[in-house]
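The values are calculated or read from the model by the stated rules, or taken from the named source; none is laboratory data. Values in this document were obtained by computation on a predicted structure and should not be read as measured data. Glycine gets a Cβ as well: all are built from the backbone with ideal geometry, and neighbour counts include every protein chain shown. Calculation scope for accessible area: heavy atoms of the full protein, side chains included, ligands and nucleic acids excluded. Shrake-Rupley method; radii C 1.70, N 1.55, O 1.52, S 1.80 Å.
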Amino acid sequence: MQPTDKLYFTDSSILEFDATVLDVRPGADGYKVILDRTAFYPTGGGQPNDTGMLGDARVIDVVEDELGIVSHIVQDGASVERGATISGKIDRARRQDHMQQHSGQHVLSQAFIQACGAETRSFHLGPTTSTIDIESPTPTDELIQTAEEIANAVIFEDRPMRVHMVNDEQAARLPLRKESAVRGSIRVIEIDNFDWSPCGGTHAARTGQIGLIALRSWERAKRMTRVEFVCGHRVLDDYRLAHNTAVRVARLFSADRDSSPELVAKALDENRELKKRTRDLLELAMTAEALESLATAEVVQGFKLIHAVFNGRDFDEVRTLAAKIVGAEPAIALLATKQPNGARLVFARSKSLIPDMGKLMAEACRVLDGRGGGRPEMAQGGGPNADKVELALEAVAKLASVVA
Ligand SMILES: [Zn+2]
């Protein structure tokens, strides 16, 4: 079989065409259709395939083999007949989007050479953003911006983009940005007075059709720099998204869009201050609460025994309270807090006392159908059976006074 005649090679603006079906056969993903000529771009060179229709059949994938034969993978291809003439129609929006990203990449790659001599080593056209890997050891935000300026200037000048079919000899005389991957008949894309590059992809006829290029981010990747960018309508989509996000943030502060970063930074500062202040106040409150409960606590054999159950109180707070109680004078604190999914307990005693909090905790947790343990001076645990937490604390309070 002959290589498929690729209509997009000479004219990327062809979106409808007629062709003869050379072969059709069922496959795993649908039917595989081979035509004598096609305007469908097959996946390659970092650019995804076109989609569209072949007759009544939907084209979901297009691939090219090493012999240059293009296969169209279609759904519902039962009506496609070998030898018949069939009309092809390419999805315009997807083709235009790919042309904008891919043509933009040509412009951007030359822009990076002019900005810092960095050559492009790979290109990936993604569903929302694209990337190129450039050979630049030390990029900076300024350098990235310079390349962006050069690229957009070339777009605004609306320069012609031309396709040349040349042989090896002719190619050798052209100022190609990179070497051709093929020999013989070479397709070269020229951007007027700016860039020459061998390429098999689909391109705009003029740089103005790229619309705009925006570099979104960059990062070091395997001794190169990966630059993320968007072109054409994707820039508008990205601008709308970024604008709406910024406006929504600004509205939270009743401010205009561009002053929101300072306001967010200020709010975070205030939040840090408030957290510190809350910690300080909580510390004071805990000390006061510990002293108050000690003042009214029952005295058992020379120390004070405090047991209390709180409802929904923060467990860290309860732990702090227990530590403050046993730190102030000889005491045992048996504290619990009821939470939506059960009870959490902390038992603590002063250093001078004997009862083992770990053992008492194991006993309490048994009543609560839970688990817990710890050191003789301090233990924590909990269990799902929160209704029995008062009972559990009463029981271990008795044990604590007996052991002492
Ligand atoms: Zn190209």
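Quick notes
- Filter pass, VAL154 being within 16 Å of the ligand (Cβ to nearest atom) and assigned to a helix (DSSP H, G or I): yes
- Residue within the stretch 69-77 that is in contact with a Ser or Thr (Cβ under 7 Å, 6 or more places away or on another chain) and among the aliphatic types (A, V, I, L, M) present: yes
- Residue ID - surrounded by the most Cβ atoms within 10 Å (Cβ to Cβ), chosen from residues in the stretch 1-32 that are in a loop (DSSP other than H, G, I, E, B) and in contact with a strand residue (DSSP E or B) (Cβ under 7 Å, 6 or more places away or on another chain): THR4
- Residue check for PRO127: away from the ligand (no atom under 16 Å from the Cβ), touching a residue at least 12 places away in the same chain (Cβ under 8 Å) and part of a loop (DSSP other than H, G, I, E, B): no
- Any hit, the stretch 137-149, residues being within 16 Å of the ligand (Cβ to nearest atom) and free of Cβ contacts under 8 Å to residues at least 60 places away in the same chain: no
- Qualifying residues in the stretch 176-227 (those that are basic (Lys, Arg) and on the phi > 0 side of the Ramachandran plot) - the one nearest to the ligand (Cβ to nearest atom): LYS222
- Failed condition for ASN49, given (1) more than 28 Å from GLN100 (Cα to Cα); (2) surrounded by 12 or more Cβ atoms within 10 Å (Cβ to Cβ); (3) of a type in the set (S, T, N, Q): (1)
- The listed residue being touching an Asp or Glu at 6+ places or on another chain (Cβ under 7 Å) and more than 26 Å from ARG279 (Cβ to Cβ), out of ASN341, ASN385: ASN385
- Taking the listed residues SER130, SER103, SER136, the one that is more than 16 Å from THR202 (Cβ to Cβ) and of a type in the set (Gly, Ala, Ser) is SER136, with no other qualifying.
- The residue that is nearest to the chain's Cα centre (by Cα), among those in the stretch 33-71 that are part of a strand (DSSP E or B) and within 12 Å of PHE17 (Cβ to Cβ), is GLY52.
- Among residues of the stretch 158-175 being more than 13 Å from the ligand (Cβ to nearest atom) and assigned to a strand (DSSP E or B), the one that is farthest from ASP11 (Cα to Cα) is VAL166.
One line per residue, one yes/no per condition, for (1) exposed (fewer than 12 other Cβ atoms within 10 Å of the Cβ); (2) at pLDDT 95 or above; (3) more than 24 Å from HIS98 (Cα to Cα):
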residue	(1), (2), (3)
ILE134	no, yes, no
ASN167	yes, no, yes
GLN170	no, no, yes
ARG183	yes, no, yes
TRP196	no, yes, no
THR207	no, yes, no
GLY232	no, yes, no
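- Evaluation of LEU241 against the conditions (1) part of a strand (DSSP E or B); (2) open to solvent by 70 Å² or more (accessible area, probe 1.4 Å); (3) modelled with pLDDT of 95 or more shows that the sole unmet condition is (1).
- Meets criteria (open to solvent by less than 20 Å² (accessible area, probe 1.4 Å) and in contact with a helix residue (DSSP H, G or I) (Cβ under 8 Å, 6 or more places away or on another chain)) for VAL107: yes
- Residue in the stretch 94-109 that is away from the ligand (no atom under 16 Å from the Cβ) and over 20 Å from THR225 (Cβ atoms) present: yes
- Residue within the stretch 282-291 that is more than 16 Å from the ligand (Cβ to nearest atom), aliphatic (A, V, I, L, M) and crowded, with 18+ Cβ neighbours inside 10 Å present: yes
- Failed item in (1) within 25 Å of MET1 (Cα to Cα); (2) more than 16 Å from the ligand (Cβ to nearest atom), with PRO48 passing the rest: (2)
- When residues in the stretch 311-337 are screened for being surrounded by fewer than 17 Cβ atoms within 10 Å (Cβ to Cβ) and in a strand (DSSP E or B), 1 of them pass.
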